[in-house]
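The values are calculated or read from the model by the stated rules, or taken from the named source; none is laboratory data. Just so we're clear, the structure is a prediction, and the values are computed from it rather than from any experiment. Note that each Cβ is placed from the backbone with ideal geometry, even for glycine, and that neighbours are counted across all protein chains shown. Calculation scope for accessible area: heavy atoms of the full protein, side chains included, ligands and nucleic acids excluded. Shrake-Rupley method; radii C 1.70, N 1.55, O 1.52, S 1.80 Å.
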Amino acid sequence: TNPGFVVRITQAGLDYAHQHGIKVLEKELGQLKLQDISGDFRILRVGKVRYEISRLHLRSFQLPHSYISLVPNVGLQVSISNAFAELDGNWKVKVYFIQDHGSFDLKLENVYIKIDLQLGSDTLGKPTIDTSACSTRISKVRVHFSGKLGWLYNLFYGAVESRLRKLLETQVCEIVAKSVRRELQPYLRTLPVTAKIDAKTGIDYSLVAPPTATARSLDVDLKGEFFSLAHRSAVPFSPLPLALPPDHSHMVYFGASSYFFNTAAFAYHAAGALVFNVTEAMIPKGVHLNTTTFSAFIPQLERMYPNTPMTFRLSAPSAPFLSIGPQGLSLQPVVDVQAYAVLPCSESVPLFLLSLVMNVSAVIDVRSGHIVGSLDPEALFLPPLQVRQLQSLVNTIASAIVIPRLNERLNEGFPLPLPERIQLSKILVRFHQNFLLLGADVRYQPR
């Protein structure tokens, strides 16, 4: 399925996310709990040696060097190098009737961690992430023992060093997997794949395919479809293929296709939101909506309903279709204008129906994580038999009532698909054939 909306996260965006993620992982590793170790072994001419390691306490775990990279068609890989950790604990050794005990300080140096992250989507269209592989290698283990019998230290160290190394290497990867599941996965699920926009419509940002890693970016294909809350019906048109240009100067890019905007028009039309009732009280002073005014070009109105108030009902017979090109956004909506005479008994009598076509251009921007816009009517086309005075009046109604109401809604905006606590800056807006490209840098606001 072609997406109606595409999100592209560049290497710069991944690097920024990685900075925050590595701080969380460093904190998680700093809370690593190690179990006690005990065992025995035999040494020639010495005999059976019994040892115990207890009260292991990790003082710190530092990750000074790390980076995130894209693995095309696979996912993401995080590489950590030259990490180090410090811990202390108590030890006890017994050989025959000789025993000694004390404390020790242990330093892990040149720790290397490699994490493979697999990206996907669940049945609701939400993004998923998990560790597909993890490996840890500890190059150096330095230990300082305190005690009385120094010759026992070497026996003790040789026996437990490999066990400590293996235990730490295993538990580091366990912490990594838990951190991804406990911190990263829940955060990704804050992406609003289905959101209510207002009382009439919602928007569907569910993933239509798992995220795709390329050599330079992570691309996420979304449905990008508006829908009526009252009745969600199938959209009678399909999205065209959407290929973003190779621009990577910003952290994130959003590609909003013409399908995305046209489903908005379809949803609002289906919800009955593109209907406007106009009375004289709503238009500028000096313009009177009555049969006397309109008798200048429809003489029989005054004879049938002398000096009778009138109202208009403006509606779109079909959802307006928006076009996107390199020059911007434009649309030519067809508007039906139904005129009514309001009799003294408050009964409305239909008088005449006009169908007109408007040329409208649109201005798009991004504010507070929302796509906002405004419409500007450029021209109005009436049927050939209508006179200029009628065109002027309908222009007044459109510019004074219809367009301001639409712009009021467009100014509220429609939310971009962003997880929690993300702010956008350095906004870029560009128009391409059949889609709008938005670029931005991101800033994460911790709780």
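Just the projected area, averaged over all directions, of the convex hull on the alpha carbon atoms of region 303-447: how many nm²?
The Cα convex hull of region 303-447, projected and averaged over all directions, gives 12.7 nm².
Tell me whether the chain comes out rounded, prolate or oblate; compute the Cα gyration tensor, take square roots of the eigenvalues as a ≥ b ≥ c, and use a/c under 1.5 as the rounded threshold. Taking the square roots of the gyration eigenvalues as a ≥ b ≥ c, the chain is prolate.
Ellipticity at 222 nm from helices only: DSSP H runs of n ≥ 4 in the chain, each -39500 (n - 2.57), divided by the residue count, give -6500 deg cm²/dmol.
For the chain, a Gaussian network of Cα nodes joined below 10 Å ranks 86, 347, 302 by mean-square fluctuation, and the top entry is 347. FRET efficiency for the residue 183 to residue 412 pair, using the beta carbon distance and R₀ = 45 Å, is estimated at 0.85. Per-residue accessible area (protein heavy atoms, 1.4 Å probe) orders 358, 304, 251 as 304, 251, 358, starting from the largest. Using the structure shown, list the pairs from 23/426; 114/178; 33/94; 27/166 with a Cα-Cα distance above 18 Å, or answer none. Beyond 18 Å: 23/426; 33/94; 27/166.
Across region 11-189, C-alpha contacts under 8 Å between residues 6 or more apart give a mean separation that, scaled by the residue count, equals a relative contact order of 18 percent. Karplus-based coupling profile of region 177-187, in residue order and whole Hz: 4, 5, 5, 5, 6, 8, 10, 6, 4, x, 5, with θ = phi - 60° in 6.51 cos²θ - 1.76 cosθ + 1.60 and x standing for Gly or Pro. Magnitude of the charge dipole for region 224-444, about its Cα centre and with charges confined to Cβ atoms of Lys, Arg (+1) and Asp, Glu (-1), is about 100 debye.
Taking all protein chains as they are arranged and a probe of 1.4 Å, the heavy atoms of residue 346 leave approximately 90 Å² accessible to solvent. Between 180, 143, 275, the residue with the greatest mean-square fluctuation in the GNM of the chain (Cα pairs under 10 Å linked by springs) is 143.
Could you tell me the accessible area of residue 293 in Å² (1.4 Å probe, neighbours in place), rounded to the nearest ten? Taking all protein chains as shown, residue 293 has close to 60 Å². Straight-line reach from residue 223: taking Cα to Cα under 21 Å and skipping same-chain neighbours fewer than 8 places apart, the lysines in range are 126, 196, 200.
In vacuo Debye scattering of region 11-189, one point per C-alpha: log10 I(q)/I(0) at q = 0.08, 0.12, 0.14, 0.19 Å⁻¹? Relative scattering, expressed as log10 I(q)/I(0), comes to -0.34, -0.64, -0.79, -1.19. Potential lengthening of the chain between residue 157 and residue 297 amounts to 39.8 nm, from the contour at 0.36 nm per residue minus the alpha-carbon distance. Structure remark: mean-square fluctuation, Gaussian network model of the chain, C-alpha springs under 10 Å; the largest value among 158, 255, 373 belongs to 158. Note on residue 148: aspartates and glutamates with a C-alpha under 14 Å away, same-chain residues under 8 apart excluded, are 100.
Legend: calculated FRET efficiency, residue 20 to residue 41, from the Cβ-Cβ distance at R0 = 45 Å, rounded to 0.05, equals 0.50.
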